[in-house]
1. Looking at segment 335-344, is at least one residue open to solvent by 20 Å² or more (accessible area, probe 1.4 Å), more than 20 Å from Phe92 (Cα to Cα) and either modelled with pLDDT of 85 or more or part of a helix (DSSP H, G or I) (or both)?
2. What are the residue pairs meeting all of these: first residue in segment 317-344, first residue farther than 15 Å from Ala52 by Cβ and touching a residue at least 12 places away in the same chain (Cβ under 8 Å), second residue surrounded by 17 or more Cβ atoms within 10 Å (Cβ to Cβ) and among the polar types (S, T, N, Q), Cβ atoms under 6 Å, and 6 or more apart or on different chains?
3. Just to be sure I understand the filter: pairs with C-beta atoms under 8 Å, separated by 6 or more residues or on different chains, first member in segment 246-257 and open to solvent by 40 Å² or more (accessible area, probe 1.4 Å), second member part of a loop (DSSP other than H, G, I, E, B) and modelled with pLDDT of 75 or more. Which pairs pass?
4. All but one of (1) in contact with a strand residue (DSSP E or B) (Cβ under 9 Å, 6 or more places away or on another chain); (2) touching a residue at least 60 places away in the same chain (Cβ under 8 Å); (3) surrounded by fewer than 19 Cβ atoms within 10 Å (Cβ to Cβ) hold for Glu536; which doesn't?
5. Would you mind telling me which numbered condition in (1) in contact with a Gly (Cβ under 6 Å, 6 or more places away or on another chain); (2) among the aliphatic types (A, V, I, L, M); (3) open to solvent by 10 Å² or more (accessible area, probe 1.4 Å); (4) over 18 Å from Ala239 (Cβ atoms) Val3 fails?
6. Of all the helices (runs of 4 or more DSSP H) wholly in segment 550-627, which have at least 3 residues that are surrounded by fewer than 17 Cβ atoms within 10 Å (Cβ to Cβ) and not hydrophobic (A, V, I, L, M, F, W, C)?
7. Which of the residues spanning segment 171-189 are open to solvent by 40 Å² or more (accessible area, probe 1.4 Å) and assigned to a helix (DSSP H, G or I)?
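The values are calculated or read from the model by the stated rules, or taken from the named source; none is laboratory data. This structure is a prediction, so every number in the text was calculated from the model and none was measured. Cβ placement follows ideal geometry from the backbone for every residue including glycine, while neighbour counts extend to all protein chains displayed. When the accessible area is computed, the model is the full protein with side chains, heavy atoms only, and any ligands, DNA or RNA have been set aside. Shrake-Rupley method; radii C 1.70, N 1.55, O 1.52, S 1.80 Å.
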Amino acid sequence: MAVIASHLPEKFLPSGFLGVDIFFAISGFVVTASLLRQRRTQLLHLYLGFLARRIKRLMPALTLCVAVTSVVVLATDPFPRHSIQTGLAALFGFGNIVLFFFELDYFSPSSIFNAFTHTWSLGVEEQFYVVFPMFAWLFYYKLHSTSFQMLSRAMIVGGLVSVTLFAWLYSDHRAAAFFLMPARIWELGVGALVFLRPSHLRSARVQGVLRRLSPFALVGLLACFLVPEQHAMPATIVAVALTGLLLANEGDSLATRVMTLRPIVYVGRISYSLYLWHWPIIALGPIVLATTWRSSAVYVVATAIAAVISFHLVEKRLRFRTWTNRRAGDIALGLAGNLVVAVVLLLSMIRTDAVSESSTAAIHPPPYLPVIPSGKSHVLTCALDGGSRVFKPDTIENCTVAPKPGSGMPTIWTMGDSHSGHLQGMLYELHDRLGVGVHLVETPGWSFPFPAGKEFAPRKQVFSAISEQFKPGDIVLLARIYLTRSEQIEPLELRPWLYNVSRLAEDLAERGVNLVITGPPPIFPYDDIRECSLDERESCRLKRNTIAPQIHHVMEQLTSLESSNKNIAVFNIFDSVCPAGKEYCYPDNGSRFLYRDKDHFNSLGSRLLAEPFVDLLRSSGTLTPAK
């Protein structure tokens, strides 16, 4: 329930997501008990029996959820691919791996509207199921031990390595700390160690201490849900430790009596189905429902109904029913069923892509146009992120188009973070209309110029290569993010960057090259453009005066450069798309959307900037024939 409360639009519990970590600890206890209560047997028999029970416990409800949700996604989501890919991976225990790689890719859609984002935790748990039986067999069954001492020691060592990895990754590689099983296995290990604890830790004296501490542990656990999200890492460790303490309490206590109340027990029984269904309903609600129906109450009721149906008609019935006469057969049947579902969904996704591409583009124009003249993908060719997208020998050639012969026009050399990339449509429009040359390589997350000691190597390589091609009359176009994208929008600290821009302008002036800086676009209040509707334009509009002061503050700093650098001009994007006389800014023109997210234009929105941009160049004397 805490997880659901944290995912609702109001985010009732800031750290309610810790419910997943608590679940990991409980699952570690339950799974260890299930595994080690089996009679001594060979590894294969142990392994098959364990996996068969886990598949019958988890797979039917998951398969139903993925199948039904995918039908809704394909029917309603204009960009269904990432959801379907995640759902397909979740069927086979790899949802967390797919989500990890999505998270590394700047251009992946927001996980908020991925209908299967929540399946990352099932991936972690299922991967634990693959590893743990081998671990238990090596350190317990194979040794023919009468105690869990060796297994406990091995679990302690493994847990310490895992929690150390989690803490180390959390600051600089949070996606790995969040999604990957090695950084999460310590949480399941805490529950396992509680089951494995030696007899002297089960004594009446110890249980008496635990009984007195358990109410405080329960209160502390509930308090963890209220911890601000920025303290999630230590809160995670505390929450898992307190869960272990509560699991270790075997006697009667106030905490035990509270947790065994009938309503709480029932919620616990259907908790797996609640978890499965809550996220698809919350994620797809803004896409499927009209604005007036997008409420937490609707989401909670819909989740409860779906969970009760799933639990009683699928999860409960199939868990204890005989599937086949052999454990291997049960495993094969479960995997075969998921394979059939996966094939159907894959073919449906391919068909939907082919059928709906043009209809989607009619409402949501593509984020980027094909690179000219090659027709290659912009995000795979002209975006450098230091990861999979690297500087190549042909990067400059692929991402630069010369002025049209006889036009006498200069080349616009565009640099910056993702806010330079969203100008592609405008630049190509200028090339088509006026014949200007265009160069565009964006470096998401890295503005230019950068301060000393904080250089981004791919951008440095690009600049070194293109600066040799600058000609008098050419234009260097800089774009970057200026405002925080958080709920409370504030200007970023720009003074160091402005100093470097001024120095760059001086260097360019010596070569007769002009410099144009784009100002900030509006930042809309929605999380994803898919929650916006052309029929309910007011749902995503932005009241102009709520962001105008912050943008005005940025523009004052940018325009101050014009007085000290004669070759600098500033393009006021905000006033171009949201004129001062209007009360609201809109992410669409009434018939088509102009943005790909809350503050990046799509190719159409970018193209519409061409006219005011040309007006600026001409009025400032910046657009002059190249020499």
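1. Looking for residues that are open to solvent by 20 Å² or more (accessible area, probe 1.4 Å), more than 20 Å from Phe92 (Cα to Cα) and either modelled with pLDDT of 85 or more or part of a helix (DSSP H, G or I) (or both), one finds none in segment 335-344, hence no.
2. Listed pairs, sorted by first residue: Val341/Thr63.
3. Every condition considered, the pairs that remain are Thr256/Asn249.
4. Every condition holds for Glu536 apart from (1).
5. The number of the failed condition is (4).
6. 610-619
7. Of everything in segment 171-189, those that are open to solvent by 40 Å² or more (accessible area, probe 1.4 Å) and assigned to a helix (DSSP H, G or I) turn out to be Ser171, Asp172, Arg174, Phe178, Pro182, Ile185.
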